[in-house]
Amino acid sequence: MRMMIVLVGFFLMNACASVSARAEKIDHIVAIVNGDVITQDELDMFVRMSLLDGEAEPPMKGEEEMSRYFLDRLIEDRLILQEAKKLQVKADERIVEDRIKDIRFRAGSEMAFQQALASQGISLTELREKLKNQLLIYAVVQKEVTAKARVSPKEVTEYYEHHKDRFMVPESVVVQSIFIEDKEFLKEAEQKLAAGEDFSAVAKAYSKRGDLGTVSRGQLKKDLENFLFACEVGKPSKPFAFDDGYYIFLLKEKIPATENSLNEVKEKVESMLTAEKSERQLKMWVEDLKDRAYISIRQ
């Protein structure tokens, strides 16, 4: 769920356009949201921060489409911020100051911190305001959306009953292994195992890799998985060519697939359903804010 933009990475981006170039377009209005103006300068900053942070992956590549995509997102954030102020939601100033301290620390020095601010054409006061606004957005979404996205025990049970296959613990094996690259050494190891020597002792003498340990279905390449799970417990396997060498396996135990009970996965299911419900309700809530707002696009 998109609720906040992480600003630590914001101070690692390259120097942007010159201050004079920014000044030329700062008064260019791209949108008006309930009387609040959004400038091209604000939109450009929002795009850079979003792309740098990696939390926004635009579904299109064209410059014009991307610009509109991010403008729509910025409009949504502005509407949520307006709602936060309308509901008199307060941001914790201590958290804001803690974040600024963290950004200062990550910058490495006070000079580097100030240079980062200057390269972005932003003052400390503006940074503080941006952080405060983000906390307000997060807080109002928590209050108006997340806190109301409750999932009932009945919903959890019904989901579990209809998706039991998703909560299966796959079949697994506990296996010792010997990995040998040289064919002559492989022959020696096979002879010693055939003569009844201890598998661990042979592995210690010849193996170039450690034991595989406990392996579940789905963790290995299919051909290796099929070979391994077909091995007989307690009997050294035939060599299996893999990468630049050969494996010899000794299965210690086969553990059949099991089904997790509802009690074992209840919290996981509840958390997943809550997140899905929150996402749906957030979209509906934002659409309602849009329906009730005056929005004028000037691009």
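The values are calculated or read from the model by the stated rules, or taken from the named source; none is laboratory data. As the structure is a computational prediction, the values presented were derived from the model and not from experiment. All Cβ positions, glycine included, derive from the backbone under ideal geometry; neighbour counts span all protein chains shown. For the accessible areas, the whole protein counts, side chains as well, though only heavy atoms, and no ligand, DNA or RNA atoms are used. Shrake-Rupley method; radii C 1.70, N 1.55, O 1.52, S 1.80 Å.
The set of residues from the stretch 189-231 being exposed (fewer than 11 other Cβ atoms within 10 Å of the Cβ) and either in contact with a Cys (Cβ under 9 Å, 6 or more places away or on another chain) or acidic (Asp, Glu) (or both) comprises just one member, Asp198. Yes or no: Glu57 at pLDDT below 90, open to solvent by 80 Å² or more (accessible area, probe 1.4 Å) and not polar (S, T, N, Q)? Criteria met by Glu57. Note on the stretch 190-263: enclosed strands (runs of 3 or more DSSP E) holding 2 or more residues that are under 30 Å from Phe167 (Cβ atoms) and either modelled with pLDDT under 90 or of a type outside the set (D, E, K, R) (or both) are 213-216, 245-255.
For the condition under 17 Å from Tyr247 (Cβ atoms), open to solvent by 50 Å² or more (accessible area, probe 1.4 Å) and not charged (D, E, K, R), Phe179 does not qualify. With respect to the conditions (1) crowded, with 16+ Cβ neighbours inside 10 Å; (2) out of contact with any strand residue (DSSP E or B) (no Cβ under 8 Å at 6 or more places or on another chain), Asp288 lacks only one, and its number is (1).
When Val156, Val151 are screened for being in contact (Cβ under 8 Å) with a residue 60 or more places away in the chain, within 30 Å of Leu282 (Cα to Cα) and in a helix (DSSP H, G or I), only Val156 passes. Restricting attention to the stretch 96-128, the residues being at pLDDT 85 or above, assigned to a helix (DSSP H, G or I) and either surrounded by 14 or more Cβ atoms within 10 Å (Cβ to Cβ) or not aliphatic (A, V, I, L, M) (or both) number 18.
Scanning the stretch 143-168 for residues that are under 22 Å from the mean Cα position of the chain (by Cα) and surrounded by 14 or more Cβ atoms within 10 Å (Cβ to Cβ) gives Val145, Thr146, Ala149, Phe167.
Residues that are assigned to a helix (DSSP H, G or I) and touching a residue at least 24 places away in the same chain (Cβ under 8 Å) were ranked within the stretch 159-176; the one that is nearest to Lys238 (Cα to Cα) is Phe167.
Of everything listed in (1) surrounded by fewer than 16 Cβ atoms within 10 Å (Cβ to Cβ); (2) part of a helix (DSSP H, G or I), the single unmet condition for Phe185 is (1). Glu76 satisfies every condition listed in (1) modelled with pLDDT of 90 or more; (2) in a loop (DSSP other than H, G, I, E, B) except (2). Here Asp182 passes the criteria (1) closer than 26 Å to Gly213 by Cβ; (2) under 26 Å from the mean Cα position of the chain (by Cα); (3) not hydrophobic (A, V, I, L, M, F, W, C) except the one numbered (2). Screening the candidates Glu158, Glu144 for the property of being modelled with pLDDT of 90 or more and within 30 Å of Glu93 (Cα to Cα) yields one hit, Glu144.
Whenever a residue of the stretch 127-146 is under 19 Å from Met45 (Cα atoms), it has no partner that is among the polar types (S, T, N, Q) and part of a helix (DSSP H, G or I) lying with C-beta atoms less than 9 angstrom away and at least six residues away or across chains. What about Ala91, is it at pLDDT 80 or above, touching a helix residue (DSSP H, G or I) at 6+ places or on another chain (Cβ under 7 Å) and not charged (D, E, K, R)? Judged against the criteria, Ala91 is a match.
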